[in-house]
Amino acid sequence: MATEIPESLRELARAQAGVVTTQQAVAAGLTKAALAWQLDSERWQQPYRGVYMLSSGPAGREAALWAAVLRSGRGAMLSHQSAAELAHLIDRPWAAVHLTVPAGRRIRPVPGLVIHTSSRAEQVRHPSLRPPRTRIEHTVLDLAAQADTFDDAIGWVTRACGRRLTTEDKLRAAMAARGRLRWRELLAPVLADPDGGLHSVLEFRYFRDVERAHCLPRACRQVRVIRSRRTEYRDAFYPRCRVMVELDGRLAHRDDARWRDIRRDNAAAADGGVTLRYGWSDVTAYPCRTAGELARVLVRRGWVGRPKLCSADCSVVSGWP
């Protein structure tokens, strides 16, 4: 019985992180008896039916993802959290491997694999990246559609744009190509915003619930500042009043981060500016109070407007002269 691995199969395995299918091995010249011998001698291992790893050691992450794709067969691609992992949209591997296959295919349940179907599989598939996966824009929209809350949905969008993995324009085009999409009506105005530049859910909530809801001046977002040859970014900047707003959703700060923030505030003050800092509760639980405080600072520094009530219970003008 010939058990020598053909060079063509070795080359294919190298391109697939050491993983091949039964069909690929037979097409390269191995018999099914030879495949069984490789398993019996513990030279190879079989993570799924019809899928082989050409090694006996622990499988790496890329090999595990390739094995899942090959097990899922024709047209399968990594999607959702698994595609997000490869795109560095998430920082830790998900326990289950998510895959999308063309609509109409039926795959028996496999432990550890979550199978989705798409009627636009060819359009959402990335044309060149390996292992096969969905394009980043469709990965983001898939995850947003699964989100339980709108904050979670917008979180995927802001994270992808904040990490410069895609843009609002590309996401808007991907969304327009979809027939159905959960949260579409709420996501559409965010992606259509001409200012763009949202990098977190907290920023989105600030501009929506604090600034716009109370008709405050529109800030410049993510303003680039060069100081001592170092590039820094300000979350929101009101240039006519020299007021900066920094948004921070962290519950706690390391000492070095705290002092870095203080030095930034001091430097801004030395240049004639003022910095206001708001956290998650300031923006989400008390947006009217935060808007009122910001408005008073802006007025003292030259703004001639007046904040507006966002609702009958709004307290933005409480104590206003």
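The values are calculated or read from the model by the stated rules, or taken from the named source; none is laboratory data. Note that this is a predicted model, so its numbers are computed, not measured. Glycine also receives a Cβ, built like all others from the backbone with ideal geometry; neighbour counts cover every protein chain displayed. Accessible surface is based on the protein model in full, side chains and every heavy atom, while ligands, DNA and RNA are left aside. Shrake-Rupley method; radii C 1.70, N 1.55, O 1.52, S 1.80 Å.
All of (1) at pLDDT 90 or above; (2) closer than 27 Å to Thr158 by Cα hold for Arg264 with one exception: (1). Open to solvent by less than 60 Å² (accessible area, probe 1.4 Å), in contact with a strand residue (DSSP E or B) (Cβ under 8 Å, 6 or more places away or on another chain) and of a type in the set (Lys, Arg) - does that describe any residue in segment 70-78? Scanning segment 70-78 turns up no residue that is open to solvent by less than 60 Å² (accessible area, probe 1.4 Å), in contact with a strand residue (DSSP E or B) (Cβ under 8 Å, 6 or more places away or on another chain) and of a type in the set (Lys, Arg).
One line per residue, one yes/no per condition, for (1) hydroxyl-bearing (Ser, Thr, Tyr); (2) more than 16 Å from the chain's Cα centre (by Cα); (3) surrounded by 14 or more Cβ atoms within 10 Å (Cβ to Cβ):
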| residue | (1), (2), (3) |
| --- | --- |
| Pro131 | no, yes, yes |
| Glu137 | no, no, yes |
| Ala145 | no, no, yes |
| Phe150 | no, no, yes |
| Thr158 | yes, no, yes |
| Arg163 | no, no, no |
| Arg172 | no, no, yes |
| Arg180 | no, yes, no |
| Leu187 | no, no, yes |
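Within segment 98-121, residues that are in contact (Cβ under 8 Å) with a residue 60 or more places away in the chain have Cβ atoms under 7 Å from residues that are surrounded by 14 or more Cβ atoms within 10 Å (Cβ to Cβ) in these pairs: Val110/Tyr48; Val110/Arg71, counting only partners at least 6 apart in sequence or on another chain. Looking across segment 189-238, the residues that are open to solvent by 70 Å² or more (accessible area, probe 1.4 Å), at pLDDT 85 or above and either assigned to a helix (DSSP H, G or I) or not hydrophobic (A, V, I, L, M, F, W, C) (or both) come down to Arg208, Arg212, Arg218. Examine segment 4-13 for a residue that is part of a loop (DSSP other than H, G, I, E, B), aliphatic (A, V, I, L, M), open to solvent by less than 50 Å² (accessible area, probe 1.4 Å) and modelled with pLDDT of 95 or more, and state whether such a residue exists. Scanning segment 4-13, I find no residue that is part of a loop (DSSP other than H, G, I, E, B), aliphatic (A, V, I, L, M), open to solvent by less than 50 Å² (accessible area, probe 1.4 Å) and modelled with pLDDT of 95 or more, so the answer is no.
When you scan segment 94-102, do you find a residue that is of a type outside the set (Gly, Ala, Ser) and modelled with pLDDT under 95, even just one? Checked segment 94-102: at least one residue is of a type outside the set (Gly, Ala, Ser) and modelled with pLDDT under 95.
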